[in-house]
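The values are calculated or read from the model by the stated rules, or taken from the named source; none is laboratory data. Since the structure is predicted, the reported quantities are computational estimates derived from the model, not experimental observations. Quick reminder, even Gly has a Cβ in these numbers, built from the backbone with ideal geometry, and neighbours come from all protein chains shown. For the accessible areas, the whole protein counts, side chains as well, though only heavy atoms, and no ligand, DNA or RNA atoms are used. Shrake-Rupley method; radii C 1.70, N 1.55, O 1.52, S 1.80 Å.
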Amino acid sequence: MAKVALTAGGSRKENVKKALELIREEIEPRQKVLIKPNLSALKNAYANTSVEAVEGIIEFLHDHFKGLEIAIGESSGSAYLAGMRTRRVLEYFGYDDLEKRFGNVRVLDLDDWKDFNVLRVRMVRGHEEVRVMKHDFDYVVSVSLPKTHDFVIATLGIKNIMGMVHRHDRIFIHGLRGKAFLQGGTQMFPFLPEFLRRPLHDLGKYILVNLGGYVESVKLTNINLAELAKATKLDLVVLDAMYAMEGEGPLLGEPVRLGVAVASVDPLKADGLGVRLMGLDPADIGYLFYLERDGYGDYSLEGLVGENVERYCRQFRMHSRYAEQRKWRV
């Protein structure tokens, strides 16, 4: 059984490095490492993986492993919906500086990725094929933060792999075709001021909830996300929870300071601990439930090392659609 580490008391970088040290013997990169941050937002730093957390992972790898080739890769959904390149988001949040500081690190805009496997997913009507990044990295690290979500209750390290799906195909994971006010209209127009986004949010909520499509999409998103996770190998999940997000996540919620970091080579271990920090039961998160049920990891607290989880748990304010999101069971 894999360990899951919970650390606190330092900076983001210190917490991440301490968590990785606690599971050091289980971390086995070979040569080519991909670090996948979560850059959901164009400007809101509280919605995104901090570059300091990624720096901590790189320093840990440098301390313990020689000759690694490290890539940092992301394809931002908000950048896509705003009609811009992820490269601009990476630059804005300081990721290019890591390439300058570390000789064996390169920063990749995954918008440019050309090689894909195909995954069949369920739709409201029928099925679709989505393109999932095909690569030769031998060790994949997802580094994210715990956030409430507008479809699947909570998003952490596992859901971060959505950025490895071709940007044109991600809506199919939701069981939908066309943009259709996905995310209540707010992600389609992230550059608009709040007084304009609010009416779009309300209109999108009316269309998805009152016309009956939203709950069906919630069910399909959990099913398809679990299938995507099975098809996409993650070797290590790191959660930088110096700040998490509650409320209207994954973009428009409010930050909650937890001051901790989580790490495990079992993605379900990491995400299971992460949702507990939010005051949730991992069995109530659809895609986590499906993954454990099907034998793809374990979200129990067995193997916990480091801090006492009860000390850092908070009861997060859920997304305004939480009541509908709980209807994910088919």
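Counting only helices (runs of 4 or more DSSP H) that sit completely within region 212-330, those holding 3 or more residues that are in contact with a Pro (Cβ under 9 Å, 6 or more places away or on another chain) and in contact (Cβ under 8 Å) with a residue 24 or more places away in the chain correspond to 267-277, 286-293.
When region 75-123 is limited to residues that are touching a His at 6+ places or on another chain (Cβ under 8 Å) and exposed (fewer than 14 other Cβ atoms within 10 Å of the Cβ), the one that is farthest from L220 (Cα to Cα) turns out to be D115. Exactly one residue out of I35, I70, I23 is closer than 22 Å to K100 by Cβ and over 15 Å from the mean Cα position of the chain (by Cα), and it is I70. The residues on offer are V265, V260, V309, and the sole one that is open to solvent by less than 20 Å² (accessible area, probe 1.4 Å) and closer than 30 Å to Q31 by Cα is V260.
For region 55-67, enumerate the residues that are over 21 Å from the mean Cα position of the chain (by Cα) and among the charged types (D, E, K, R). Hits for region 55-67 are E59, D63, K66.
Is there a residue in region 20-36 that is without any contact (Cβ under 8 Å) to a residue 24 or more places away in the chain and either out of contact with any strand residue (DSSP E or B) (no Cβ under 8 Å at 6 or more places or on another chain) or buried (at least 24 other Cβ atoms within 10 Å of the Cβ) (or both)? Yes, some residue in region 20-36 is without any contact (Cβ under 8 Å) to a residue 24 or more places away in the chain and either out of contact with any strand residue (DSSP E or B) (no Cβ under 8 Å at 6 or more places or on another chain) or buried (at least 24 other Cβ atoms within 10 Å of the Cβ) (or both).
Has region 31-47 got at least one residue that is in a loop (DSSP other than H, G, I, E, B), over 14 Å from G94 (Cα atoms) and touching a Pro at 6+ places or on another chain (Cβ under 6 Å)? Within region 31-47, one or more residues are in a loop (DSSP other than H, G, I, E, B), over 14 Å from G94 (Cα atoms) and touching a Pro at 6+ places or on another chain (Cβ under 6 Å).
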